[in-house]
Amino acid sequence: MGNLITQTTILSRFGWSKTLLDQLLGDPDIRKKMHGRSNMACLYSESRVISAEKSEAFSFAQAAIAKRKLASQKAVQTKVANLLAAVEVMSVVVERIEKNKLIKLAIDAYNERNWNSDMPANVRSDANFLNRICVNFIRHELTNYDYSLEETAGKVGVSVAVGKIRAKVYSTIENAYPMFSQECKHQLYSRSVAQ
């Protein structure tokens, strides 16, 4: 019978799947109790495996698998392109409010989220810190940012789409609130580096 190899070894060879193994090889040549295993090992003659790999049926199966993979890749590319096209035409709306009111609302929101902080935010907090919490407040409370992200969640190409949505949102915030332009650029850069 020659050299025997396990089902696991066959499945690690190029082009094999459990379905193909069952179709081309059928039952194993020997079932053998192996030390340390509760189930029987399925052993196949290596020459029978090699012969199956040279068969027309194996070649046909490989061609069918390659065709399915190509079709799947094309479908993924189409989904990604469609998602990015939707992001491109997506409208981002930023509500505009007076700067002092915005700072107060951003401080209140920050302190509510960080109620146990030793250093609550206030109007005398560091200017960079205030800019950061204002942009965060605008992004989460005064735009449709969260809704736009929910729309893309779970879709193919989401990581690219999220980056484009963020860029669009920060650009819109910059246009509505030019005084936060530098902070918008900083946050967008930080988020793109973190991905």
For the range 85-194, the Debye formula with one identical point scatterer on each Cα and no solvent gives log10 I(q)/I(0) at q = 0.10, 0.20 Å⁻¹ as -0.31, -1.07
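Using only Cα atoms, figure out Rg for the range 59-107 and give it as a multiple of 2.2 N^0.38 Å. Each step should come with its number before you reach the end.
Working: Rg = 23.4 Å, N = 49, 2.2 N^0.38 = 9.7 Å.
It is 2.42.
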At 7 Å along Cα-to-Cβ for each site, give me the label-to-label distance between Ser17 and Ala75 in nm.
1.2 nm
Using 7 Å Cα-to-Cβ label points, what is the Ser51/Glu88 separation (nm, one decimal)?
5.7 nm
Residue order, fewest to most surrounding Cβ atoms within 10 angstrom, among Phe60, Phe14, Phe137:
Phe14, Phe60, Phe137
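With r defined as the distance between the Cβ atoms of Arg37 and Lys67 and R0 fixed at 30 Å, what FRET efficiency is calculated, to the nearest 0.05? Write down the numbers at each step before the final one.
Details: r = 37 Å, r/R0 = 1.23.
Between Arg37 and Lys67 the formula returns 0.20.
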Let me check the size of the chain from its C-alpha atoms; what are the radius of gyration and Dmax in Å?
29.4, 86
Please build a GNM for the chain, connecting alpha carbons under 10 Å apart, and tell me which residue among Arg37, Arg113, Arg96 fluctuates the most.
Arg37
Of Glu174, Glu98, how do they rank once you tally other Cβ atoms within 10 Å and put the fewest first?
Glu98, Glu174
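Please report His140, His35, His186 as a ranked list, fewest other C-beta atoms within 10 angstrom at the top and most at the bottom. Walk me through the numbers before you get to the answer.
Details: His140 11, His35 4, His186 16.
Starting with the residue having the fewest Cβ neighbours, the order is His35, His140, His186.
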3J(HN,Hα) from dihedral phi, the range 28-45, Karplus parametrisation 6.51/-1.76/1.60, rounded to Hz, x for glycine, proline:
x, 6, 8, 10, 9, 6, 10, 4, x, 10, 7, 9, 6, 7, 8, 10, 10, 5
Approximate spin-label separation Ser192-Lys164, in nm, with each point projected 7 Å along Cα-to-Cβ
1.5 nm
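Coordinate-derived values only; no laboratory data. Fair warning: this is a prediction, and the values are worked out from it, not measured in the lab. Here Cβ is always computed from backbone atoms with ideal geometry, including for glycine, and neighbour counts include all displayed protein chains.
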